[in-house]
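Everything below concerns the one structure shown next.
The values are calculated or read from the model by the stated rules, or taken from the named source; none is laboratory data. Just so it is clear, the model here is predicted, and its values are computed rather than measured. Here the Cβ is made from the backbone with ideal geometry for all residues, glycine too, and neighbour counts use every protein chain on show. Note: accessible area is taken over every heavy atom of the protein model, side chains too, but ligands, DNA and RNA are not part of it. Shrake-Rupley method; radii C 1.70, N 1.55, O 1.52, S 1.80 Å.
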Amino acid sequence: MKVPNPRLLTFSFQTPKSLFFYPNPFCFPSLAFCPSVVPSSNNFTCCRFLRLCNHYFYRRFCMGAGVKVTAMETMGSLPPSFLVNDRIVLTDKENQIFDLLLQVSVHFNLNTELRVAGGWVRDKLLGKECYDIDIALENMVGKEFCDKVNEYLSASGEETKGVGLILSNPDQSKHLETARMHLFDVWIDFVNLRSEEYTNNSRIPTMEFGSAQQDAYRRDLTINSMFYNINTSSVEDLTGRGIPDLKSGKIMTPSAPKETFLDDPLRVLRAIRFGARFGFVLDEELKIAAMDDEVKTAIIGKISRERVGHEIDLMMSGNRPVDAMSYISELQLFWSVFSLPPEIEPPTLDGCERLCVAYMDASWRLLQLIGCSSITVSIVQMRLSLYAALLLPLRKTVYRDMKGKQVPVARYIFGTSLKLKSSDAETVISLHQAVEKFLSLIPLILSDKNLQILEVEWKKEIIDVPVMAKLRVLAGLLLREIKEFWRTALVLSILLYPTDLGLAGNTSRVVAELTNRRELFNGVENAIMEIGLEKVWELKPLVNGKDIMSILQLKSGGPVVKEWQQKLLEWQLAHPSGSSEECIDWMKQSHAKRLRME
């Protein structure tokens with residue numbers, strides 16, 4: 001028989017005052033965060049809705065961060081202010097989960113306080129939904145409590161749940177074993193409260209059961225150190241600084257910052273991520289600790305690159321990625337995060353990291369000015385676009401792999417420094433290669449002169465067609481290579497054409513020049529659309545491989561068939577209204593002419 005819910009409906013603190021915070025007006029979320037704006041079909045092009053969406057972006061960004069916006073604020077008269085709730089309101093599913101956990105505790109007379117820890121408390125106080133529930137146990141380990149949950153479910157005639165274990169790894173600053181189970185369609189993590197003690201010659205602590213207050217002081221940030229006590233339905237701010245820092249918009253550690261960062265250096269990146277995400281200010285003492293050489297060494301050597309890459313990916317997919325990368329550069333952590341191989345060609349110049357962030361900033365601003373929905377149709381596409389912009393100054397930088405082959409340094413950064421997917425690296429490299437090709441085509445596309453000769457370094461051999469048809473062939477081949485990323489590649493190219501915007505230096509000059517670059521982008525995009533190249537990568541060949549083998553009287557495929565497939569594609573791009581019969585006739589004539597010449 002299930003026991004009734006023993007929770008008391010009381011709350012432990014008063015309504016906090018609002019805080020003020022100034023979001024970067026250019027740092028709007030990508031359209032991927034705004035499903036009500038983006039059409040359900042991806043088959044749309046060059047939608048210009050900047051005037052309609054800027055106001056919407058601003059309001060949605062503020063609401064996403066827990067910010068109250070009035071009509072006066074959107075006109076610049078007043079700054080937005082945070083709303084911090086005076087109590088936590090549970091959803092029906094959260095009530096179900098917490099009721100079950102309390103029933104287990106009472107049924108087995110476990111005499112333990114059940115608390116939700118960390119980010120869930122912070123987000124609920126900001127009025128945001130959160131399904132990342134971490135249960136902190138007072139006097140038992142997570143696996144033990146999960147077993148009790150299953151024992152209770154079995155006795156109640158309900159299906160038991162699988163229990164997963166995430167083992168501790170002190171060498172990588174993962175000090176606790178965590179148990180995980182699936183309850184009411186939500187994954188719940190269970191871990192015991194703990195205290196830590198360090199010896200003079202070790203950075204790996206001795207872990208012991210601790211009080212809630214001890215556990216709060218060893219957490220990463222004050223705004224993440226609060227608990228929601230399930231037994232009493234109350235918020236516990238045991239450091240006394242969680243709620244004040246949430247109200248004042250400050251990122252600070254509960255304990256001394258350097259000690260906190262050396263315990264787990266990933267906390268440096270988490271501080272940056274949360275600072276950027278909420279528009280909070282990093283505490284000065286925290287910034288000094290983050291720049292400490294010992295902390296930087298720990299970031300490189302103590303935490304796994306997978307954990308580093310995961311944090312960076314969360315920043316790049318967040319609502320203020322430029323702010324996050326700016327913090328990393330400002331705190332002199334750029335090369336600790338985006339580490340390079342020992343020998344690269346050419347060597348990076350002083351201040352390269354600032355140039356990287358400048359390109360990313362300019363790209364982000366230009367994307368918002370353009371307001372082109374096709375560019376930001378997905379979080380993945382926006383994320384990779386930002387990586388490509390960030391690494392744009394390194395697009396010609398290479399290193400030699402184990403076989404002595406020259407490889408773009410972006411592949412090392414993704415594969416070794418961040419441990420991200422190899423496909424991400426290949427996409428960014430493809431974008432960089434497309435940038436160089438676009439730079440050779442832009443002046444030709446925009447030229448109002450009668451072109452007589454058209455040659456580019458990256459495609460010297462092409463079938464004999466008129467110059468304007470040749471331009472369509474080259475542009476079509478480029479778009480087929482980069483596919484739906486072509487507008488992104490064009491944006492990056494526009495940052496470099498006709499002059500390098502990243503080297504402009506003065507921020508006001510960059511902002512002023514971006515308007516001109518937007519018009520340049522529009523001109524190239526419109527020209528490409530007018531010659532009918534939208535989604536040219538979906539173009540089906542008029543003549544297939546079997547037909548080619550039949551015409552050439554070949555018994556098997558090979559390089560010859562591949563060569564003719566390329567030539568026929570070029571013919572098809574040059575003759576968009578051509579038929580398969582016309583294509584085959586051209587092939588027969590060209591093949592016969594080739595045989596005569598041989």
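Some observations on this one:
- Inter-probe distance in nm under a simple model that places probes 7 Å from Cα toward Cβ, at V407 and V186: 4.3
- Net charge, A136 excluded, C-beta distance under 11 Å - Lys, Arg +1, Asp, Glu -1: -3
- Top positive-direction residue, dipole computed over the stretch 250-368 with Cβ charges, set V295, L349, I251: I251
- E285 versus E159: modelled label distance in nm, points set 7 Å from Cα along the beta carbon direction: 5.1
- Put simply, when 321-328, 227-234 are sorted by average Cβ atoms within 10 angstrom per residue, most first, you get 321-328, 227-234.
- Computed log₁₀ I(q)/I(0) - Debye formula, equal Cα scatterers, no solvent, the stretch 490-544, q 0.28 Å⁻¹: -1.09
- Percent of C-alpha pairs per 5 Å bin in the stretch 354-444, short distances first: 3, 13, 20, 25, 21, 11, 5, 2, 1.
- Distance in nm between pseudo-label sites at I344 and E484 (7 Å out along the Cβ direction from Cα): 3.0
- Radius of gyration (Cα atoms) of the stretch 397-496, expressed as a multiple of 2.2 N^0.38 Å: 1.28.
- Heavy-atom accessible surface of the stretch 412-547, averaged per residue, reaches 49 Å², computed with a 1.4 Å probe.
- Cα shape, the stretch 236-326, gyration tensor, a/c 1.5 rule: oblate
- Basic side chains Lys and Arg get +1 at the Cβ, acidic Asp and Glu get -1 at the Cβ, and with that the dipole of the stretch 256-332 about its Cα centre reaches some 300 debye.
- Largest first, the residues S422, S336 sort by 1.4 Å accessible area into S422, S336.
- For the stretch 313-387 versus the stretch 415-470, the gap between their alpha-carbon centres in whole angstrom: 22
- The stretch between S422 and S556, if pulled fully straight at 0.36 nm per residue, gains 44.9 nm over its current Cα-Cα span.
- Diffusion constant of the stretch 252-387 at 20 °C, which comes from Stokes-Einstein with the Kirkwood Cα-pair radius and 1.002 mPa s, µm²/s: 135
- Peptides ranked, highest mean first, by Cβ atoms within 10 Å: ranges 432-443, 360-371, 559-570: 360-371, 432-443, 559-570
- Shape category assigned to the stretch 95-144 from the gyration tensor of Cα positions, a/c cut at 1.5: prolate
- Packing order of peptides 260-272, 237-249, highest average first: 260-272, 237-249 (average count of other Cβ atoms within 10 Å over each peptide's residues).
- Taking a sphere under 15 Å around the Cβ of S326 and counting the other residues whose Cβ falls inside, with K and R at +1 and D and E at -1, yields a net charge of +2.
- Evaluated on the stretch 472-578, the Kirkwood hydrodynamic radius is 16.4 Å, with distances taken between all distinct Cα atoms.
- Residue order for H575, H591, H310 - accessible surface, 1.4 angstrom probe, largest first: H310, H575, H591
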